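The values are calculated or read from the model by the stated rules, or taken from the named source; none is laboratory data. This is a predicted model, so every value here is computed, not measured. Here the Cβ is made from the backbone with ideal geometry for all residues, glycine too, and neighbour counts use every protein chain on show.
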Amino acid sequence: MNLSQALEIASCTDPGIVRSHNEDSVAADAAKGLVVLADGMGGYNAGEVASGMATTVITTELQHLLEETPPYKLEPASGTPYAEKLMREQIAKANTSIYQAAQSQPQYSGMGTTLVAAVFYDNKVTVAHIGDSRLYRLRGEAFEQLTRDHSLLQEQIDSGMITPEQAKFSQNKNLVTRALGIDPTVEPEIHCHATQLGDVYLLCSDGLNDMVSDEDIGMTLQTLSANLRLAAQQLVQMANDNGGRDNVSVILVRVVRDYAAPKGWLSRFVSWLR
Amino acid sequence: MGAKLILSMDGLVLKEITLTKERTTIGRKPHNDIQIDNLAVSGEHAVIVTILNDSFLEDLGSTNGTLVNGQPIKKHFLQSNDVVELGKYKLKYINDQGAKGASPLDFEKTMVLRPGATPKPAEAPISKPGISQTVPTMPASPPPPPTLSTTQPNAKPLATSQAVPTAGTSHQTVHVSASQPISTTQPMSTSQAVATGKVAAIQILSGASAGREMELTKALTTLGKPGVQVAVITKRPQGYFITHVEGANFPMVNGRLLDAQAHPLSDHDIVELAGVKMEFFYKT
């Protein structure tokens with residue numbers, strides 16, 4: 001099923017004002033309903049290598065696999081859509097590739113990357129994330145963060161040690177508790193959300209949400225959602241105008257049409273049998 | 001370099017304490033890390049929990065309480081230059097991470113906190129239990145060390161100062177149509193865009209709203225009719241720009257049709273969109 005008529009996608013990535021390298025990496029395929037964003041870390045150009053490997057491995061493998069297996073089909077063992085299984089497997093594969101490269105080549109030692117990836121299918125989105133790259137959703141007036149960072153700061157907020165308001169002043173913003181490619185295995189956090197017509201999804205690296213308040217991000221999306229490309233550029237520009245201290249990347253996905261999975265009599269019958 | 005506390009009484013500096021331990025206790029009894037031998041201070045008065053670069057102060061149910069910047073607190077997330085008061089004693093908290101030591105760039109780079117590497121400054125020298133940093137009672141204190149003068153109150157790390165959230169939102173919407181008066185929908189912004197440069201405005205020159213003036217104080221101001229033709233004026237540190245957002249027709253500036261790129265606006269430029277003319281100008 002080709003989703004390019006149902007989803008409008010725009011992306012923008014920028015090294016920012018201060019850094020010379022862009023260690024972020026983005027990839028998108030509207031036809032497959034697939035978006036991937038990674039924020040790499042590591043010395044020299046290792047961060048770019050890690051984030052580039054993550055987006056490349058996950059995108060190319062999933063493009064291929066989504067062709068073979070409809071993502072909305074339920075996996076018999078778990079009862080969850082195949083999309084989840086496919087993402088879990090490909091994230092594990094990317095993790096292994098990055099980890100092995102880091103182990104075998106000294107210049108890549110210790111490299112890793114955060115990840116946020118989403119697959120759209122059957123009026124749903126399955127999102128997987130590791131680290132502090134985020135997925136937000138604008139639905140009508142409501143702008144919400146759908147992912148929860150794997151970071152020291154988020155853990156402190158969760159334990160009640162610090163309020164979200166105080167967190168803006170924390171000096172511990174840059175510590176993630178999970179990353180791709182650091183250990184032999186990694187556990188991605190995967191959730192499925194129902195989408196609605198008109199929803200705008202934002203995937204971003206921390207270079208955006210550290211520099212621009214959620215309120216301003218939400219208002220920009222609301223104001224410029226008619227022109228997604230412009231909205232993406234505007235968000236990056238706002239991060240840079242506010243100092244641009246980190247690489248900043250955004251992917252925007254707008255649901256412009258219904259994209260329910262085809263339901264023939266056979267599939268209806270099969271689901272009735274279940 | 002970690003955060004530190006400067007203990008003083010009546011403006012006289014008594015001691016400087018670097019926060020190296022995960023828990024730094026403050027109280028009158030000798031086993032405290034910071035002992036203040038004064039009856040106004042409880043035996044176990046307060047504790048400072050330090051996790052990497054952040055420190056949290058907690059009052060341990062003291063008799064006379066703990067103040068931070070004049071306000072009584074139970075628990076407080078310490079910010080550089082906070083003044084903690086216990087009775088007549090003052091502890092100034094200084095955290096100039098990022099301004100000193102590692103460059104702010106290295107400091108801000110994302111790092112992974114590995115499981116097992118608990119968020120403790122464990123590598124820092126931890127004073128042995130039983131040996132506390134005893135503070136002598138007044139006035140048998142040494143004069144303030146000269147190094148103290150280097151800690152400027154404004155030596156706030158860049159990481160914090162630039163991350164201060166902007167209060168309010170920085171957007172506004174102006175609907176320009178033949179029948180509709182101009183409406184602004186968002187509150188004033190206090191973002192940095194406002195703080196820099198002169199404020200500009202647009203004045204409607206034709207149509208039903210002719211003569212109306214609108215100050216461009218927000219980061220984004222949209223003009224036009226949604227679904228027909230919309231343009232956005234962005235306020236940036238380097239000035240104002242107009243960009244086409246939606247609609248088959250692009251806006252005109254001084255009679256020239258714009259393309260998809262942002263176009264810088266100059267004083268007294270004439271903007272035309274959705275059949276309405278308006279003038280852009282800087283307020284004096």
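Taking the numbered list (1) under 19 Å from B:Lys198 (Cβ atoms); (2) in a loop (DSSP other than H, G, I, E, B) in turn, B:Thr234 passes all entries but (2). Residue count for the range A:122-156, restricted to those that are within 12 Å of chain B (Cβ to nearest Cβ), within 15 Å of A:Asp206 (Cβ to Cβ) and not hydroxyl-bearing (Ser, Thr, Tyr): 8. The residues of the range B:237-256 that are at negative phi and either part of a strand (DSSP E or B) or within 10 Å of chain A (Cβ to nearest Cβ) (or both), listed by number, are B:Pro237, B:Gln238, B:Tyr240, B:Phe241, B:Ile242, B:Thr243, B:His244, B:Val245, B:Glu246, B:Met252, B:Val253, B:Arg256.
The single residue among A:Ser151, A:Ser205 that is buried (at least 22 other Cβ atoms within 10 Å of the Cβ), modelled with pLDDT of 95 or more and among the hydroxyl-bearing types (Ser, Thr, Tyr) turns out to be A:Ser205. Surrounded by fewer than 17 Cβ atoms within 10 Å (Cβ to Cβ) and within 30 Å of A:Pro71 (Cα to Cα): which single residue out of A:Thr163, A:Thr185, A:Thr177 fits that description? Being surrounded by fewer than 17 Cβ atoms within 10 Å (Cβ to Cβ) and within 30 Å of A:Pro71 (Cα to Cα) holds for just one of A:Thr163, A:Thr185, A:Thr177, which is A:Thr185.
This table checks each residue for (1) within 18 Å of the chain's Cα centre (by Cα); (2) under 29 Å from A:Gln5 (Cα atoms); (3) not in a helix (DSSP H, G or I).
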residue	(1), (2), (3)
A:Gly79	no, yes, yes
A:Leu86	yes, yes, no
A:Lys93	yes, no, no
A:Thr96	no, no, no
A:Gln103	no, no, no
A:Thr114	yes, no, yes
A:Val119	yes, yes, yes
A:Thr126	yes, yes, yes
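For the range B:70-88, what are the residues that are more than 14 Å from chain A (Cβ to nearest Cβ) and either crowded, with 22+ Cβ neighbours inside 10 Å or not in a strand (DSSP E or B) (or both)? B:Gly70, B:Val84, B:Leu86, B:Gly87, B:Lys88, listed by residue number.
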